[in-house]
Structure formats: structure tokens, C-alpha cells
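**Q** Below are the C-alpha cells for one structure; questions will follow.
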There are 2 protein chains.
Amino acid sequence: MKKTLILETAHLLLSKHITKDDIVVDATMGNGYDTLYLASLAKKVYAFDIQKQALIETKKKLDEQNIKHVELILDTHEKINQYVSNYKGVVFNLGYLPNADKSITTTKESTLNAINQILPNLKTNGFILLVIYIGHEQGKIESKAIQDYIKTLDPTLYKIAKIELPYQNNQPPYIIFIQKEKDEG
Amino acid sequence: MKKTLILETAHLLLSKHITKDDIVVDATMGNGYDTLYLASLAKKVYAFDIQKQALIETKKKLDEQNIKHVELILDTHEKINQYVSNYKGVVFNLGYLPNADKSITTTKESTLNAINQILPNLKTNGFILLVIYIGHEQGKIESKAIQDYIKTLDPTLYKIAKIELPYQNNQPPYIIFIQKEKDEG
């Protein structure tokens, strides 16, 4: 698969922030491409999806490459903290699973609820990376809600970057990268 | 000097795209910080400024570190092509020179004129990086003009990314990174 520009950039960012000592979470397993990429960087990956199809697809890809340090979890990313602790970062690739039921997408409620639970658990330099698509209606709503939410975050605790590309598009997909400046604990 | 977040990010991007075989241009020498950073990456750096004070400051910094592969040019960046050919990339850090005459800033005319001359000369993977500040009036005008301009660029020839941070600011500085997809010649 040729990566889109936005995914290429997201993966570049991840490669800068994840080491072989890190536990990371793929909050939106989908077709498993991010899960596989995270597995190439981290000590351990936990990947979540509410659709069984996502786990089947991803397991197939992992088995082909004989990758063992990934745990696939059939549950919502709103429950990440019940399954994983001590994660370095969490990745959200928002929207619906390609080639599956398009009525099942991430929603602003589940996404914001998940982010809200993850942030206090991040250590210094821990991060959340979100890839956001605004080409579909639910995506626009989710995008707006996320933008409103992150503007409320304390800039002394979190540094946030927004990356849009390709910029000539009318509704370019974008990345929000939130990094914890210092541990709250 | 502690780098600002936006400069740190700009320098990270530059480090990804410049090698020791490359000739690069600092279109806005200013206090010379970018010039010095470019010198650490490239084979040769040409740096432009219309203010003599910029050349004095930058020469001092270069001499302190005994850096010889940088040429300082007292002229507008609208004339880059008269001095340099075969550059890999050009960096613009827009706005006024800190601690100098604040009435002398880059303007949308000079900036767009320069960009317009540089783009056709870029080879495949060549780039222009712009750091844009919108906290002052002239900056807002320049920013708007640049945004309007880049949206007209052919997406099959140029890929463009926009990076804003820190995002919680009301008027965050941002980076525009334009990369040539393929040579026109």
C-alpha cells in the first residue's frame, strides 16, 4: 500500500517519539496498517476496535509477518485504561473502517471521552496523535469538537501542533499531535 | 538561545531534507540563527538580508565558530537567482529583525515575488520553507497573501504542508513547507 501524505507524516512523527522500550496504543485498529507500523517501533502494541472485522484483518497481517508483540482487543477505546497502563502514546486514525460498514464511525463523544481519560495518564513526553478526516459529515462534527476541546488544554502542560496536508485540498486531512510537557503526578 | 517550538519544528524539517551535498539559501538572515543552523547541515549556505546590521550580527556568530562555507549577501531575496543556482531549498523566516528597526519587515510583495522566482528553479524534492508570524499587522497581511498564493499551486507539481504550533495560541506562528514533486525541466 502506498501511504498517503498525511499517513507518511503521521508515521514520521511516531518514529521520532517511539522507541523499542515503549508501550503504545492503537485506539483505532481499522485495517491494521497503523498497528503494524507501531509494532515496528515499539516494545508492545495494544490495538482496539469495536468491529470484529478489524481484528480479523489485522490478525491476518500480523500472522503473515509473524509479529507476536501486539495484542488485539475487541472493545471501545474508551476503555483503554482498563486494559493498558504505562503507555507512552496513543494513536487515533479517525473515521470509518475502509471497505466495511460506513455507518460505524468514531464519534466525537467516544473520541473526546477517550482523550479525556488518556491525557491525565500520560507521562512527560507522552503523546496522543490524531489523524482527522473532514471529507465526510461525521468527520466535520468530530473535527470541530476536537478543536474546541484541545484549545481548552493548559499550554504549560501540553504542547499541541496541527499539521495539514496536502494544503491545496479544500478539506485537507490533518494531524493533531498533543505532547505532555510535564507529568502531573 | 532556547529555540521556540516553531523553530525547533522548522529545524527538524530542515534536518530531514538537507544533506552535506546540498546548497541552501537563507532568504531572511536576520540575527543569523537559521543561517548557522543551515551551515550545520549543508555544503554551502547563501544568506540574504537588506539590513547591514543582520550581516554584522551573523558574521560575528560565524567567526566565533570559525564557519567558512557561508556567504552573506547584502541584497533582497528577490534577487536570489542572480547570486545562486542549483539550490536544494530556500528558508524564509518572515517578519522583522528582532532588536532592529521594526518598520523594516518583509512584505507580501517581496516575499511572493521571491517565491515565484524560486519555485520554477527547484529540482525534484527541492523545497521552500516559510515560518510565518501573524502576531503583527504586516504579518497578517503577508500570511493571507501567501495562503492565497499557495492554493493556486499545481498539486501534481508541489506538495504543501501547514504546521501550526503551539495550537492553544490565538495566533499561532506556522510553517508552510512546499516541496517540488517533480522537476519541470
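The values are calculated or read from the model by the stated rules, or taken from the named source; none is laboratory data. Remember, predicted model here, so these are calculated numbers, not experimental data. Here Cβ is always computed from backbone atoms with ideal geometry, including for glycine, and neighbour counts include all displayed protein chains. Areas reflect the complete protein model, heavy atoms only, side chains present, ligands, DNA and RNA absent. Shrake-Rupley method; radii C 1.70, N 1.55, O 1.52, S 1.80 Å.
**Q** So, in Å, what gap is there between the alpha-carbon centers of region A:104-170 and region B:39-97?
**A** 38 Å
**Q** Calculate the FRET efficiency for A:K20 and B:D154 from the Cβ-Cβ distance with a Förster distance of 51 Å, rounded to the nearest 0.05.
**A** Here the calculated transfer efficiency is 0.80.
**Q** Counting only protein heavy atoms and rolling a 1.4 Å probe, how much accessible area do B and A lose on contact, total for both sides, in Å² to 100?
**A** Between B and A, the summed buried area is about 1800 Å².
**Q** Loop sites only, by DSSP: take the trypsin sites (Lys or Arg not before Pro) in chain B that have at most 15 other C-beta atoms within 10 Å and name the longest stretch containing none of them.
**A** In chain B, the maximal stretch lacking such sites is B:69-101.
**Q** If the reach is capped at under 20 angstrom between alpha carbons, list the aspartates and glutamates near A:K123, excluding any in the same chain fewer than eight residues apart.
**A** By straight Cα distance, A:K123 reaches A:D21, A:D22, A:D26, A:E78, A:D154, A:E181, A:D183, A:E184.
**Q** By its C-alpha gyration tensor, with a ≥ b ≥ c as the square roots of the eigenvalues, how is chain A shaped: rounded for a/c under 1.5, else prolate for a/b larger than b/c, else oblate?
**A** Rounded, because the longest to shortest axis ratio a/c is under 1.5.
**Q** Let me ask something else. Points 7 angstrom from Cα along the Cβ direction at A:Q147 and A:S110: gap in nanometres?
**A** Output for this residue pair reads 2.4 nm.
**Q** Let me ask you something else. To the nearest whole number, what is the average tally of beta carbon atoms from other chains within 10 Å of the beta carbons of peptide B:164-177?
**A** 4
**Q** Which residues, if any, in region A:120-160 have at least 40 Å² less accessible area in the whole protein complex than in the isolated chain, probe 1.4 Å?
**A** In region A:120-160, residues shielded by partner chains: A:K151, A:K159, A:I160.
**Q** Let me ask you something else. Using unit Cβ charges (K, R positive; D, E negative) and no other charged atoms, how large, in debye to the nearest 20, is the dipole of chain A about its Cα centre?
**A** It comes to approximately 340 debye.
**Q** Okay, moving on. Do any of A:K3/A:K52; A:K79/B:K162; A:K59/A:K151; B:K43/B:K159; A:K20/B:K68; A:K68/A:K144 go past 31 Å between their Cα atoms, and which?
**A** As for pairs spanning more than 31 Å Cα to Cα, those are A:K79/B:K162; A:K59/A:K151; A:K20/B:K68; A:K68/A:K144.
**Q** Rounded to the nearest 10 Å², what accessible area does B:L119 have for a 1.4 Å probe in the complete protein model?
**A** 10 Å²
**Q** How far is A:K43 from the same spot in each other copy, in nm, shortest first, if each label point sits 7 Å from Cα toward Cβ?
**A** From this label point to the equivalent ones elsewhere in the assembly: 4.3 nm.
**Q** State the antiparallel share, in %, of DSSP beta bridges confined to the protein assembly as shown, rounding to the nearest 5.
**A** Here the antiparallel bridges make up roughly 50 percent for the protein assembly as shown.
**Q** Net charge within 14 Å of B:D34 by Cβ-Cβ distance, Lys/Arg positive one each and Asp/Glu negative one each, not counting B:D34 itself?
**A** Charge balance in the 14 Å sphere: -2.
**Q** At 1.4 Å probe radius, can you tell me the per residue accessible area of region B:5-180 in Å²?
**A** 43 Å²
**Q** Taking beta carbons within 10 Å but only from partner chains, what does the mean come to for residues B:10-18?
**A** Other-chain Cβ atoms within 10 Å of each residue's Cβ, averaged: 1.
**Q** Under the rule a/c < 1.5 gives rounded, and otherwise a/b versus b/c splits prolate from oblate, where does region A:27-136 land using the Cα gyration tensor?
**A** The shape class here is oblate.
**Q** Let me ask another. Pull out a ≥ b ≥ c, the square roots of the eigenvalues of the alpha-carbon gyration tensor of region A:122-185, then state rounded if a/c is under 1.5, prolate if not and a/b is larger than b/c, and oblate in the remaining case.
**A** prolate
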